[in-house]
Amino acid sequence: MGNALKVSSSWENMNVNLDELISQIENFFHEKGLQTRKSYLEDKLTIFLSRKGKRENAFVEVVGNSRKFEVSFILDEKAYSHEKLSSVFTPFFGGGFFLKALKSKEFFEKLEKDFWLHLSRVVEKLNRT
């Protein structure tokens, strides 16, 4: 993935079942209407996110173990590339390109904000059990 916007958060001195954390992360995205696809590579799990019928343009990475781990939300800047091209195509095709890009950008910005709120609650809950 070329240029990407990445936000990460780390936890240390925890006792969190990562399998349960990953399950909770996936459930969150399913509830938001997204499809998920998981890929494991050594101690890193990547959950690719896509909207129905669209290419994957965001993903979450979970790296570490139950005591110390990091979660990242990564958004491919290509998800916003239509925004840059919209000024060129608007005179020919109307504002459809811009509107579509703006809605996608707003969707993923809200999704990210909601994700971090949800994740902090889940980590706190799982750390207590």
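The values are calculated or read from the model by the stated rules, or taken from the named source; none is laboratory data. Computed from a predicted model, the values in this text were never measured in an experiment. Note that we place each Cβ from the backbone using ideal geometry, even for glycine, and neighbour counts take in every protein chain shown.
Tabulated results
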| quantity | calculated |
| --- | --- |
| Region 52-63 - residue that is at pLDDT below 95 and assigned to a strand (DSSP E or B) and, of those, surrounded by the most Cβ atoms within 10 Å (Cβ to Cβ) | Ala58 |
| Top-ranked residue in region 2-15 [being touching a helix residue (DSSP H, G or I) at 6+ places or on another chain (Cβ under 8 Å) and over 12 Å from Leu119 (Cα atoms); ranked as surrounded by the fewest Cβ atoms within 10 Å (Cβ to Cβ)] | Gly2 |
| Gly95 modelled with pLDDT of 70 or more and out of contact with any helix residue (DSSP H, G or I) (no Cβ under 7 Å at 6 or more places or on another chain) | no |
| Selected residue (criterion: farthest from Ser72 (Cα to Cα)) from residues of region 36-49 that are in contact with a helix residue (DSSP H, G or I) (Cβ under 9 Å, 6 or more places away or on another chain) and surrounded by 15 or more Cβ atoms within 10 Å (Cβ to Cβ) | Thr36 |
| Odd one out for Met14 among (1) at pLDDT below 95; (2) assigned to a loop (DSSP other than H, G, I, E, B) | (1) |
